[in-house]
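Input: a single structure, listed below in structure tokens.
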Amino acid sequence: MSSSSNDELDMTSPSFNPTKALYSKNVKMLSDTAQPLDNISKFELTASGEVKIKAEKPRKLNEYHTEAEPIERDLSRVASTSQTTLLRRKFKPRRTVLARMSEISKSRGPLSRIATFCHRKQRVKVYTRSAASVRGHCEGYISAFDKHWNLVMDDVDEVWTRKNKYKSLAIGNSIKMDPVEKPYTVIRRIRGHQVCRRHIPRFLIRGEQIVLVAKCFN
């Protein structure tokens, strides 16, 4: 009888009785350092069969653990009781396009030349492309740019090449209509293509359409 009762109080025995062990004072603990009512994930079983407590890992500091002053927040509307919490948040200054333009002007590279043209108000010629060839060029002053080579130009003279487009008349009597003024002028015609020219006060060119940026010497 005593051997069976001991087996019921032995945690390693298959006949262990947890209900009896809660009310008995003769329960043998597997580890003397074990803490009662603790999380079981903190314990580990060694190769010798001894149960030990895992060592706590140092916590990593996140972005809120900085040297900035703590911010008080009142959570009385959220929680049932009035309580406040302290967060350490690091605020980064916002960098606008103008700030990035000034930073690029101090660096070295292709964009530094664009910054030089922009700050010195030099007239430049920007060659643009089509799907398969060079479409034309734009002459003007660069007023803004970004790292993707998107350019904002002022006082732009654009010259580009396009195919001749002829519209066939509908069946019936022809009707005379007033000629519509085109926003461009045709300079010359070359083998089914026509070279057009127009003036634009302000123009935006996407960087993916740019082939070359050069300084105008005339």
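The values are calculated or read from the model by the stated rules, or taken from the named source; none is laboratory data. These numbers were taken from a predicted model, which means no experiment stands behind them. SASA here: full protein model, heavy atoms, side chains in, ligands and nucleic acids out. Shrake-Rupley method; radii C 1.70, N 1.55, O 1.52, S 1.80 Å.
Here are a few things to note about the model shown:
- Residue 44 contributes an accessible area of around 90 Å² to the protein surface, as traced by a 1.4 Å probe with all chains present.
- Computed from backbone phi with θ = phi - 60° and the Karplus coefficients 6.51, -1.76 and 1.60, the 3J(HN,Hα) list for segment 93-106 is x, 6, 9, 8, 5, 5, 5, 5, 5, 5, 5, 5, 5, 8 Hz; x is used for glycine and proline.
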